[in-house]
Amino acid sequence: MSMAVRSGRFVCGSRGALLLLLLILAGSLMILHRVVQSPLLNQYEILQDHLERQQSRNTRSTRTILLWSSFFGDPRWKLSWDTLGPQELRDELGCPVYQCEITNQHDFLPAVELYDAVVFHAAEMFPLLRPVPSQRSRHQAYVFATMESPGETKHRLDDELGFYNLTMTYRLDSDVVWPYGQLLDIETDAVVAPSERPHWRKPPAAFNDSAVWDLWAGKTKTAAWFVSHCETLSKREVLADRLQEFFAIDIYGKCGKLSCARGDPRCEEMLDTDYLFYLAFENSLCDDYVTEKLFDALRRNVIPVVFGGADYSRILPPHSYIDASRFQSVEDLAQHLNFVGGDQEEYVSYFWWRSHYRLASTSPFCDLCARLHAPGFSHKTQSYGDIQSWWFNSCRLESRIRL
Ligand SMILES: *[C@@H]1O[C@H](CO)[C@@H](O)[C@H](O)[C@H]1NC(C)=O
Ligand SMILES: *[C@@H]1O[C@H](CO)[C@@H](O)[C@H](O)[C@H]1NC(C)=O
């Protein structure tokens, strides 16, 4: 009995030693592993590992964008399908970064927290039935999207502080810029404007264009204006009234005596044949805010007279338009228009830019997709604490020209 106990103890002792040895061995292995894996010895390999993982993640995974609300009644936001995949983004929209899905189908993914971005149309109220998503993940971006000016924002933005992560508007300091039109350099095909500091070519000392030269003689009317909002924050109606002291303005639409059916090609053709100037007056004076009417006018053989809050040199080539805000008084502006309209060579020189630039438009969803893929997007968070100030501070009530 006592022998058995002793030998039992002996067995215990030798097992204990073995265990201890194993522990020491395991410990040393761990320390060795630590040393080998230490950033001091191995930073390059750690970095390489990370980048390889990151790269395969970036190229493989698509980001999914949910259009939460509709765009003026259009759930597709003028896209051609309810859901677009990478192939449509690449082939139809021409996006350089196209690994995204865009959908208006709320059940496209099994849970609303799974979308990488959720887009809200800020020019309309939140949908009545489902105003905002019931769940929110801190990895997703809520997008404040609108092409309208702050005066047309149908939201109580002071209730939405800290709500949005990205802005998608015509403003050039938006996260995703959504302009009404763009100018591309014909030679390089690069987008030149709108941008905060475009590099324009210099207008040549002399320029002629036989089409415009020939049209000039038939242009017997000074200015046309198409307008349907008659009382505006910018007081453009006052500017038009004052200009009428110097020459007649043909006002088409609700605010004038003339009418031209929407979509009738004659309405645009007469800008080529009858009119010297086209008034592109904006309804509010806000940074970067110009609307499609300006870009429509650029497609015709007519000089746009612009009035708005934008620095137009960020949007249009020099010597392609006449900016009312550059004049001290309405009289000075009227005199300048008379000079340009009355001098055939001077008039034609405003069309020089067409030999170098062309009009185009790209989808803002391309930029949104690229933004969601940008390195750093997934580990940097941002939100607009006071979206109301960001949005409203870009407008003013006083124009530079004395009215
Ligand atoms: C411009 O071109 C037209 C038509 O080709 C020509 O008749 C006219 O003399 C030219 N004007 C100038 C200033 O060269
Ligand atoms: C978006 O904003 C919310 C609220 O401020 C924040 O919790 C979230 O992390 C932000 N997400 C991103 C992707 O920036």
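For the chain, the relative contact order works out to 17 percent when only alpha carbon pairs closer than 8 Å and six or more residues apart are counted. Label positions at Phe246 and Gln43, each projected 7 Å from the Cα along the C-beta direction, are separated by 6.6 nm.
Protein heavy-atom accessible surface, 1.4 Å probe, per residue over the stretch 26-167: 60 Å². According to the calculation over all Cα-Cα pairs in the stretch 182-360, the P(r) per 10 Å bin from zero is 9, 38, 39, 13, 0 %. Distance from the Cα centroid of the stretch 330-403 to that of the stretch 208-251 is 21 Å (rounded to whole angstrom). Could you tally the net charge around Cys260, taking each other residue with its Cβ under 10 Å from the Cβ of Cys260, Lys/Arg +1 and Asp/Glu -1? Net charge around Cys260: -1. Applying 1/(1 + (r/R0)^6) with r as the Cβ-Cβ distance of Glu331 and Leu161 and R0 = 51 angstrom yields a FRET efficiency of 0.65. Rounded to the nearest 500, the 222 nm mean residue ellipticity of the chain from helices alone is -10000 deg cm²/dmol, with -39,500 (n - 2.57) taken per DSSP H run of at least 4 residues. When each pair of different Cα atoms in the stretch 48-202 is counted once in the 1/r mean, what is the Kirkwood radius in angstroms, to one decimal? Over the stretch 48-202, the inverse of the mean reciprocal pair distance is 17.5 Å.
Put simply, the amide H of Asp323, placed in the peptide plane, has neighbours under 5 Å in Val306, leaving out anything fewer than 5 places away on its chain.
Centroid-to-centroid, using Cα positions, the stretch 94-110 and the stretch 134-177 are 19 Å apart. Taking θ as phi - 60° and the Karplus parameters 6.51, -1.76 and 1.60, the scalar couplings of the stretch 110-124 work out to x, 9, 5, 6, 7, 6, 6, 9, 10, 9, 10, 7, 6, 8, 9 Hz in sequence order, x denoting glycine and proline.
The fraction of accessible area contributed by carbon and sulfur in the stretch 182-360 is 48 percent, rounded to a whole number (1.4 Å probe; ligands and nucleic acids excluded). Taking a span of 27 Å or more along the helix axis (Cα atoms) and a mean Kyte-Doolittle hydropathy of at least 0.0 as the rule, the DSSP H helices of the chain that qualify are 2-37. Taken over the chain, the alpha-carbon convex hull comes to 226 cubic angstrom per residue. Close amide H contacts of Ala310 (hydrogens built in the peptide plane, cut-off under 5 Å, sequence separation of 5 or more or a different chain): Cys286, Asp288, Tyr289. Secondary structure note: in the stretch 182-360, about 30% of the DSSP beta bridges are antiparallel. At the listed q of 0.16, 0.20, 0.22, 0.31 Å⁻¹, the Debye profile of the stretch 161-205, built from one uniform point per Cα, gives log10 I(q)/I(0) equal to -0.55, -0.74, -0.83, -1.15. If you count Lys pairs in the chain whose Cα atoms are under 22 Å apart, skipping same-chain pairs closer than 8 places in sequence, the total is 13. Distances between placed amide hydrogens fall under 5 Å for Tyr98 paired with no residue 5 or more residues away or on another chain.
Couplings for the stretch 250-255, taken from phi via the Karplus curve 6.51 cos²θ - 1.76 cosθ + 1.60 with θ = phi - 60°, read 7, 9, 9, x, 4, 8 Hz in order; Gly and Pro are left as x. For the stretch 182-360, the solvent-accessible area of protein heavy atoms averages 47 Å² per residue (probe radius 1.4 Å; ligands and nucleic acids excluded).
Going by accessible surface with a 1.4 Å probe and the largest first, Arg138, Arg242, Arg300 read Arg138, Arg242, Arg300. When Trp225, Trp390 are compared by accessible area of protein heavy atoms, the largest-first order is Trp390, Trp225, using a 1.4 Å probe. With the charge dipole of the chain set up from +1 on Lys and Arg Cβ and -1 on Asp and Glu Cβ about the Cα centre, the Cα lying farthest toward the positive end among the listed residues Val330, Ser134, Ala193 is that of Ser134.
The values are calculated or read from the model by the stated rules, or taken from the named source; none is laboratory data. Computed from a predicted model, the values in this text were never measured in an experiment. Methodologically, a virtual Cβ is constructed for each residue, glycine included, from the backbone with ideal geometry; neighbour enumeration extends over all protein chains shown. To get the accessible areas, we keep the full protein, side chains included, count just its heavy atoms, and leave off ligands, DNA and RNA. Shrake-Rupley method; radii C 1.70, N 1.55, O 1.52, S 1.80 Å.
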